[in-house]
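Quick note: the coordinates plus some simple rules give every number you see, no bench work behind them. Just so you know, these numbers come straight off a predicted model, no measurement behind them. No Cβ is skipped: glycine too gets one built from the backbone with ideal geometry, and neighbour counts run over all protein chains shown.
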Amino acid sequence: MKELSLNILDIAQNSLTAKSTLVEILLEETDETLRITVRDNGCGMSEDMVRRVTDPFCTSRTTRKVGLGIPFFKLAAEQTGGRLELESVSQDVSPENHGTVISGLFYKNHLDFTPLGDVVSTVCTLIQGCGGVDIVFRHTMPNGEVETDTREIRAMLGDIPLSEPEILMWIRGNLEEQYAEVNH
């Protein structure tokens, strides 16, 4: 993928498919590294699936025979000298404490570092398509932090859906304003 934000979108979409009620997207950035973590409370994966999920010919989908999102994310991290970390607890194993955490460490100064891309559009797309799933986004950088939490937005709005165009435009504007403040 040409931008890491597209990897984030793909992995977070997996979380939505896994019947999560909460998806956290955490970006931790230093001058040298970028760590991208997607954490959910979905149904989790079996131990066998965790072992095989980085194989592009392993997928839980029935519509196609390959699953490239996690393998591409792993490749993008490893090409920079980084790594992929994956933990998952299946709902069958732990009905109370299940879900998946996938994290990629990227070295930003490496020649093969893929740019982050348009993460604001990624977050807005996820919020638009998430239905009742809550999304927490936090990007921590050396000079500040950008964040949004749909639980807080829902508390302010009541019954107004987050997919309303005016709400999405407000969320986008708020994120862009936070980034402008951090990057001034």
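Please enumerate, by chain and number, the aspartates and glutamates with C-alpha under 17 Å from the C-alpha of Lys2, excluding those fewer than 8 residues away in the same chain.
Asp10, Glu78, Asp112, Asp118
Neighbouring Cβ atoms within 10 Å as the yardstick, rank Ser88, Ser163 fewest first.
Taking fewest neighbouring Cβ atoms as first place, the list is Ser163, Ser88.
Using helices alone, what [θ] at 222 nm do you get for the chain, with -39,500 (n - 2.57) per DSSP H run of 4 or more residues, divided over all residues and rounded to the nearest 500?
Value at 222 nm, helices only, nearest 500: -11000 deg cm²/dmol.
Rounded, prolate or oblate: which one fits the chain, using the alpha carbon gyration tensor with axes a ≥ b ≥ c (rounded when a/c is under 1.5, else prolate when a/b beats b/c, else oblate)?
Oblate.
Explain nothing, just the number: relative contact order of the chain, from Cα pairs under 8 Å at least 6 residues apart, as a whole percent.
25 percent.
Note down the magnitude of the dipole of the range 4-182 about its Cα centre, charges +1 on Lys and Arg C-beta and -1 on Asp and Glu C-beta and zero elsewhere, to the nearest 20 debye.
That gives the range 4-182 a dipole magnitude of about 760 debye.
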